[in-house]
Amino acid sequence: MSLQMRLVHARKGLTPPALHTEEAAREMAAGAPQQHPMPQRMRARFTATCEKGVTRVFPKQGLRSGGALMFLHGGAYLFPLVDGQWGIVEGLIDRTGLPVIIPDYPLAPEHTATDAFDFVQPIIDEVQAEFGRVVIFGDSAGGGLALSLAMQRRDEGRRQVDGLVLYAPWVDVTMTNPEIDDVQPRDKILRAPGLEWAGRAWAGDLDPADWRVSPLYGDPSGLPPMRIFQGDADILGPDAIEFACKAARVGVDVRLRVEPDGFHVYVLSVPVIPEAEAALDHSARFISGILTQA
């Protein structure tokens, strides 16, 4: 673990952990902000347009053809895109030259998972029709949503996305894995009780253990190639690792990087943390490899 990783994680421990109780989760959801616009630092180098709940970001120079990225942001299915997540968008555009499409998908508790499915699936179809190959990247809840959408596309016979890049994906909203208790003392960011409530709110009429809400319980057979970046000081880690192993056993092209002492979505700390820079470098090589396939 780098010194930077250690310092950032220690600093996160100075503030109360997110979603530490159901009441805290309800209060945070009630006070959720609007989606954060593209930061000022990016405006000289990128253009961003927003129409019908979809933000499209293009580099002003070096635009690469033949594909696009789609970003499904995290936030426990309660929060929209926030300022820190723009760093992942910026880092992957810089490394790939590809545009990024960002759906502002419906969030709990006002909306449920099925609302988000109905909103995002047609956007994927449109992006595929316009750009060709599409790779989805997502952090935390966004990673779980990406997996769910890919499984549904497989089962519905829709054109599949070409790849998935997942940063600490939330693959089981029930938070019942007994290994979570072993990791919890080292996680300074998340707590299970609030996440359990967020998961139930997101599930709506579905069982929280339904694979469309918790992809860990689904069949990963036939999913597109994927890369997963996970920290081992993250209570979502045990389930993400279990999912990666399950996918590998059925022949999915999946590679998992578990960062020692990595906190939840450590890649958000790009460019401060070298492990975050390395994760984006690996992600970009994976994406570029997909675009150059015959």
Kindly indicate whether Ala284 is assigned to a helix (DSSP H, G or I), surrounded by fewer than 17 Cβ atoms within 10 Å (Cβ to Cβ) and of a type in the set (A, V, I, L, M). no
Return the pair list, or none, for Cβ contacts closer than 9 Å from residues in the stretch 12-36 that are more than 11 Å from Ala198 (Cα to Cα) to residues that are acidic (Asp, Glu) and surrounded by fewer than 16 Cβ atoms within 10 Å (Cβ to Cβ), at least 6 apart or on different chains. His36/Asp83
From (1) crowded, with 16+ Cβ neighbours inside 10 Å; (2) touching a residue at least 40 places away in the same chain (Cβ under 8 Å), pick out the condition that doesn't hold for Glu130. (1)
What single numbered condition from (1) more than 24 Å from Ile287 (Cα to Cα); (2) open to solvent by 30 Å² or more (accessible area, probe 1.4 Å); (3) within 22 Å of the chain's Cα centre (by Cα) fails to hold for Thr49? (1)
Which of the residues belonging to the stretch 12-34 are open to solvent by 90 Å² or more (accessible area, probe 1.4 Å) and at pLDDT below 90? Leu14, Pro16, Gln34
Can you work out which of the residues in the stretch 88-104 that are of a type in the set (Asp, Glu) and out of contact with any Ser or Thr (no Cβ under 9 Å at 6 or more places or on another chain) is farthest from Phe117 (Cα to Cα)? Asp94
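Per-residue answers, yes or no, for (1) part of a strand (DSSP E or B); (2) within 25 Å of Ile123 (Cα to Cα):
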site: Gln4; (1), (2): no, no
site: His9; (1), (2): no, no
site: Glu27; (1), (2): no, no
site: Arg41; (1), (2): no, no
site: Phe58; (1), (2): yes, yes
site: Trp86; (1), (2): no, yes
site: Ile101; (1), (2): yes, yes
Looking for something at negative phi, charged (D, E, K, R), modelled with pLDDT of 95 or more and outside any loop (DSSP other than H, G, I, E, B) - is there at least one such residue anywhere in the stretch 190-210? yes
Under the condition of being part of a loop (DSSP other than H, G, I, E, B) and in contact with a strand residue (DSSP E or B) (Cβ under 6 Å, 6 or more places away or on another chain), which residue from the stretch 157-181 is surrounded by the fewest Cβ atoms within 10 Å (Cβ to Cβ)? Asp162
State whether one or more residues within the stretch 256-274 are among the polar types (S, T, N, Q) and free of Cβ contacts under 8 Å to residues at least 12 places away in the same chain. no
Condition check for Trp197: more than 19 Å from Ala146 (Cβ to Cβ), of a type outside the set (Asp, Glu) and open to solvent by less than 30 Å² (accessible area, probe 1.4 Å): yes
Counting only residues that are surrounded by 24 or more Cβ atoms within 10 Å (Cβ to Cβ) and outside any strand (DSSP E or B), which one in the stretch 245-274 is farthest from the chain's Cα centre (by Cα)? Ile273
Checking the condition touching a Pro at 6+ places or on another chain (Cβ under 7 Å) and touching a residue at least 60 places away in the same chain (Cβ under 8 Å), which residue from Asp83, Asp104 passes? Asp104
Residues of the stretch 233-289 being touching a helix residue (DSSP H, G or I) at 6+ places or on another chain (Cβ under 9 Å) and among the basic types (Lys, Arg), which ones? Lys246, Arg255, Arg257, Arg285
The lone condition Met42 fails out of (1) over 20 Å from the mean Cα position of the chain (by Cα); (2) open to solvent by 30 Å² or more (accessible area, probe 1.4 Å); (3) in contact (Cβ under 8 Å) with a residue 12 or more places away in the chain is (2)
Please tell me if Asp261 is of a type outside the set (Lys, Arg) and modelled with pLDDT under 95. yes
Residue check, Gly62 in contact with an Asp or Glu (Cβ under 9 Å, 6 or more places away or on another chain), without any contact (Cβ under 8 Å) to a residue 40 or more places away in the chain, surrounded by fewer than 22 Cβ atoms within 10 Å (Cβ to Cβ) and not basic (Lys, Arg): yes
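The values are calculated or read from the model by the stated rules, or taken from the named source; none is laboratory data. Model, not experiment: these values are computed from the prediction. As a convention, Cβ positions derive from the backbone with ideal geometry for all residues, glycine included, and neighbour counts pool all protein chains shown. These area figures cover heavy atoms from the full protein model, side chains too; ligands, DNA and RNA do not enter into them. Shrake-Rupley method; radii C 1.70, N 1.55, O 1.52, S 1.80 Å.
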